[in-house]
Structure formats: C-alpha cells, structure tokens
Amino acid sequence: MKCDSLLIEDYVEGFLEANELEKLEAHLQTCKSCQNEYQQLRNEQQTLIAQLNTPIIKHSSQADLIMQLIQTNTKRKKVWHSLKISVISAVVLVLSFGLYYWNRMPSEVAQPIDEPAELIEPNSGDQEVLKTSEQNPSLDAPFLDVSIEQVVNDGENMDIEFRVKFNDENQRYYENLYSQMLTRYEYDEFLNPPIDKMEDFFFGEVRTNVHFALKNDAGELIAGHRLKEKPLINSSSSGRGTNVLGEMIYSVSVPSYTKSTVLEVFAMEKIVHNLNETQVNSQQPQPFQFENAEYTVDSIVIENNSLHIQISTEGEPKIRPMGWNIVIDNRLVVADRNSSKFDEKRTNNRTIYRAQFNDLQNIPNTFKIVPSTVKITEEIDPIRLKLN
C-alpha cells in the first residue's frame, strides 16, 4: 500500500477497521517514513491527553475537594455508619415490640444502603458492577447531538466546523461515571500519569465522533469520514476538545467549486468509561463476560520488571474495549500506552489486547481487570445538516 497520513492518524486514534488495520501494520513494518510519522503522532497524542482539556482546571478545585473530603471523612463516615446501625437497631427493636403487642403483625424493616457496589454472577468469574444514579443510556436512539458551528467560504476553500456532544441523557450518565473515576480508586507514585494529572487524563479519554458525508444539491458525494463509497475528493478532518466532557469540535475543508451544501451524519461513535470490573485469579484465570462477549486471559507474565497481560475475544464486539487497566488492592494501575503498542491487534479473527504495567515485579495472586475505555459505534438514520 501507499503511504497515507490519514490512515496513520486513524490508526493512532483507534478508528481503523480490521482490513485497513492489517494492511497498515504490514506497511509500517517496512516503511521508515511512516514509522516516524506514527511515533510523532503517538507522542502528540500523549501530550494532547494532558493538555487538550486545560479549561477543566477551573473545575479542579471541586474534584480536589471531593478527593480530600473522602480521605478526611473516612473515619467520620465509619463512626456515623456505626451510629446509624445502633440507632436503627434500637428503633426497630422498640417498633417490633410495639407492633407485636399492638396487632401481633410482623414488622418489615428497611435496611440502610451505604455501599455503592453490587456483586453479580456472570457465566464465569466474579464481576463487579459499580452502581450509578443514572440508568445506562439506550443505544436504540441517537446518543449524540450534532450542530454546524460555522461555514467560511473564501471563494477558494469552504471551511466547515461542526460540534459533536452527548445528548442530555448521555451527558448526565458519563459525567457521573467521570466523577466516580476520580474517587473510586487509590492512586500512588507508581501511577502514570501522577495523581495531579488524573482529572485531565480521565477527562481527555472521553470523546465523541461521527461518520459523515459532505454532499452537494445534486446528491454527489464530495468528501467525508468513514465512507463506504469513494468520494469526489480526499479530505482530512481534525478535532479539538472543549471544557465539556466528551464534546468535540471538528473541522473539515473542501474546495469551493464542489458546492457542498449538506453534512450528512450516518453513524455515531463514543469512547467512554466503563466501570465493570472482573476478578482474576492469576493461577487459574477463567473466561469472563463483558458486554455480551466472552474474553479470555491468555497469558500473565513478568518481563523486565513489568507485568504483561494478554486478553483476547472472538471477532470484534459491538461494545469494544480500547484497552485494559488492572486494580490491585483498590489501587488502579494504568497500562503503559506506549509500550503496549496501541494495545490492540487482530489475528485469526480474534481481537487481541496486549497490556504492559510498569514497576510490577511480581504477579499478584488476584486482581481485577477493568476496561480503560470502550468504543461504541451505532449506525443511524441519516441526519442532514444544511451548510448555509
């Protein structure tokens, strides 16, 4: 294949389909120029994750306050919890005797709920699902809102900007998950990035995207992203984040002579957090279920003071993890993104994840695995936005 900067960009961002991925990876083995471009984009991506969402700093005091309150109020919460149990027990005892002598009817006492997690039993392995105050958003309807920001036509080029964000239901749900990501786990010096960057790190992992086509009044396909047909011209698009979780502003430019009049969205995509945890026994790892797909832990080894874990599944699931992290004694250990080499390969119709965890010299007897993020793509009835 020929060198293609657009394909390398999609490769870094995790947007390539299986057939494109295999061709590009084979090309990267022999092309020094594309290898250099890939490495440069990877470095830029790491920098972008830390810097893209700088506006969130204005909200960091709230997140820091949450972290501090949780740490400083732990003892107070335990005392209060014990006090609640004692008071409730006393009240229940009094009411039980009173009701017994009043009408000989048994009493039912509502038990206090003080834990955020609920254990469930999947087909194999123990899996823990963290409760949220919102129901998991449905995929039956479009989960993103798309709007045209501006169109600038200087007579030579038409520059188009459009905004992609969660709808209200999804926004509430994923903001709730983001808040839980900041308070769910313990972090220490082994974590990369360090704790003071975790807000930006988790914030920057959440993204929204669309598959779109630019057309003119005659219905001709001018350009687009993730097209199934060959367009009139090849164009590139770029995106930037905002201070709203998941919100992205994309830019695309086409020649003015194409007379593009419509941006047509035919698929929606989101990369989001998922707090499903699976307990793993490193001596006897068992297959586990994640979002209706079965995964296997193929290998767990220590090499060069790092823990290496390989996980695989059949085909390409609809709700697809972008990588895996692990939890050891409630401490989140984030996989090394660079050393994991994009984290994901496809071989013999299996999606294979290879994750490396630095500064771990021993294999823990038990640990939990949790997806770093998941990518969900849904085709929709086309949404047509006029460019005038």
Response to the item:
Here the Kirkwood hydrodynamic radius of the range 211-259, Cα-based and in Å, equals 12.1
Worksheet item: For all pairs of alpha-carbon atoms in the range 149-276, what percent lies in each bin of width 5 Å, listed from the first bin to the last filled one?
Response: 2, 9, 17, 18, 14, 11, 10, 8, 6, 4, 2, 0
Discussion item. Given a 1.4 Å probe and heavy atoms of the protein chains only, how would you sort 313, 30, largest accessible area at the top?
Written reply: 30, 313
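Can you tally the lysine pairs in the range 249-352 where the Cα-Cα distance is under 24 Å and the two residues are eight or more apart, or on different chains? Spell out each step's value before the answer.
On the way: 270/318; 270/341; 270/345; 318/341; 318/345.
Qualifying lysine pairs in the range 249-352: 5.
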Item to complete: Using all C-alpha to C-alpha distances in the range 272-388, build P(r) with 10 Å bins and read off the rounded percent in each one.
Response: 13, 45, 27, 8, 5, 2, 0
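Taking a probe of 1.4 Å, how large is the accessible area per residue of the range 156-304, in Å²? Could you put the intermediate results ahead of the total?
Working: 6610 Å² over 149 residues.
Per-residue accessible area for the range 156-304 comes out at 44 Å².
Over 24 Å between Cα atoms: which of 165/230; 23/228; 230/386; 32/375; 228/386 fall into that group?
On the way: 165/230 28 Å; 23/228 18 Å; 230/386 22 Å; 32/375 30 Å; 228/386 21 Å.
Flagged as over cut-off: 165/230; 32/375.
The values are calculated or read from the model by the stated rules, or taken from the named source; none is laboratory data. Here the structure is a predicted model, which means the values were calculated and not measured. We work out accessible area using only protein heavy atoms, side chains counted, and drop any ligands, DNA or RNA first. Shrake-Rupley method; radii C 1.70, N 1.55, O 1.52, S 1.80 Å.
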